[in-house]
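Before any comments, here is the structure.
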Amino acid sequence: MRDLVQNVYQAKDTDSILNLLDQYQDEAKIVAGGTDLIIQMREGNVSPPVLIDISSILEIREIKEEKNTIELGSTATFTDIEKHVFFNHSLSAIAKAARSIGSPQIRNRATVGGNICNASPAADMLPPLLAMDAMVVLKSKQQTRVLPLSEFITGKEETLLKSNELLEKIRFQKLNPNEGLGFSKLGVRNALAIARLSLAVYVEWDENDMCQNVRIASGALGIKAQREWDVERFMKGKCLNNSLFAEVAAFLEESTMKRLAGRSTMNFKRYAVQGVFKQALDEALEDMERRMIYEKGSF
Amino acid sequence: MRKAVFNVNNKEYTVEIEEDLRLLDLIRNTLNLTGTKEGCGEGECGACSVLMDGEVVNSCLVLAFQAEGKKIETIENLDREDGTLHPIQQAFLEEGAIQCGFCTPGMVLSAKALLDKNPAPSKHDIRESISGNLCRCTGYNKIAEAIEKAAETLEKEESDSGTARRGTK
Ligand code: FES
Ligand code: FES
């Protein structure tokens, strides 16, 4: 690995990142927190000739709350997210996901953009962002593209990021009072947990307890963090009661068995997924209730 | 090789470094500040913890060039000008929170990062603050007690002295 890195740059603003990427293309690798990349470099899995550090650029670290949307700068750290007022008060499932990652040392460095671009199947931030139907804003010197996060992540550690592109920010809609988000994760250890299984559930419920809309995303339940479209289709338009819950749990068990067939974790995860789902769903419903109470109170 | 300037423990160092040098190696090998330890080398153990702009980070997972322009603080910066130990260090000694001592520099810096921001932490805050530091000797209880004690000492110093700053040289 020695001698292989020839040039390093500590970028000072977004334009200078884009210029460097344009100049070096495939040769360059972006490093933000470095918590994944430095390990990969030492293991000899990647050996970029050029490194561009973007961790000191404040303009892409900002968490911006607009009237209807939230914009998460790609170099916002998990500590930034975990401590942010909006996530603590209005979307606690995301703060919870951030808090569940690594240790304080890791959370101080690891960024949401890194979590997305490395696209580990077990990346903790992906399920809640997928369940929020988040969009990624990708910038190159020539153009800006906006893609759904679910399309951006194509496989295990694979994304649609081009070699001259920077993931600038992540954007999603704020929730209405009849919507809620929940996140639940099963980790091996609390301090340094790498998710072994996580689920995020977004729900929109009407006053007759009918599920108007639902988005479910999983981590470590396949080759990538992903939306569970089949389960969503199954739930939509149904009434929430214990029998629906039992049906969904059975559905999840079956699809987990199919997807993980032949893997040693299958027998554990087919049961675990049901409990994790229940927790995430309960949390989403609590979240929705909180939001309704808050809304009423503010009239 | 690259010429770079670092601010470590309030001192400026101008040194030649390899592009892919880790902050940990800069501190230990280039600057000879060997109080910072290397355990796992992959972000699991916290033995390599240092403060970067006041935040605790694993120096094995930061490249040295990323730390240019930042303020780095290592365990060597903690004792006071008169040569006495920092209250966190003193409390670790008094509470028996040190056995082999390998985890101690990292533990002390994690505790400092906590107490600098939160002078009256709960027991939960304390445990959370050292959750990225592994200790294979003490069983953690004594470490948590030492941090609690240090918080009290620092609070008392603060109220006793009024204007005199706690903290470091
Ligand atoms: S040596 Fe850095 S975390 Fe273990
Ligand atoms: S005292 Fe030995 S590892 Fe903590």
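The values are calculated or read from the model by the stated rules, or taken from the named source; none is laboratory data. This structure is a prediction, so every number in the text was calculated from the model and none was measured. So basically every Cβ, Gly included, is an ideal-geometry build from the backbone, and we count neighbours across all protein chains shown. Side chains included, ligands, DNA and RNA excluded: accessible areas come from the protein's heavy atoms. Shrake-Rupley method; radii C 1.70, N 1.55, O 1.52, S 1.80 Å.
Just a few scattered comments:
- Cα centroid separation - the stretch B:4-34 against the stretch A:216-281, whole Å: 49 Å
- Checking the cross-link pairs A:K12/A:K141; B:K11/B:K37; B:K11/B:K142 against a 26 Å limit on the alpha carbon distance flags B:K11/B:K142 as lying beyond it.
- Buried accessible area, chains B and A (both chains, 1.4 Å probe, Å² to nearest 100): 2500 Å²
- Angle between chain A longest axis and helix A:242-259 axis [Cα atoms, degrees, rounded to 10]: 40 degrees
- Chain A: relative contact order in percent, alpha carbon pairs under 8 Å with at least 6 residues between: 16 percent
- Förster radius 30 Å - calculated FRET efficiency between A:S243 and A:E286 (Cβ-Cβ, nearest 0.05): 0.90
- Nearest 10 degrees, 0 to 90: helix A:266-297 Cα axis against chain A principal axis: 80 degrees
- Long-range Cα-Cα pairs in the protein assembly as shown (distance over 44 Å), rounded percent: 17 percent
- With 40 Å² as the minimum drop in accessible area between chain alone and full protein complex (1.4 Å probe), the qualifying residues in the stretch A:101-119 are A:P104, A:Q105, A:N108, A:R109.
- Reference-scaled alpha-carbon Rg (2.2 N^0.38 Å with N residues) for the stretch A:62-173: 1.00
- Averaged over B:54-61, number of beta-carbon atoms from partner chains that fall within 10 Å: 6
- Rounded if a/c under 1.5, otherwise prolate or oblate - the stretch A:141-188, Cα gyration tensor axes: oblate
- Each peptide in A:202-214, B:40-52 receives the mean, over its residues, of other Cβ atoms within 10 Å, and ordering these scores from highest gives B:40-52, A:202-214.
- The alpha carbon centroids of the stretch B:120-153 and the stretch A:78-108 are separated by 21 Å.
- Förster radius 35 Å - calculated FRET efficiency between A:K141 and A:Q173, Cβ distance, rounded to 0.05: 0.75
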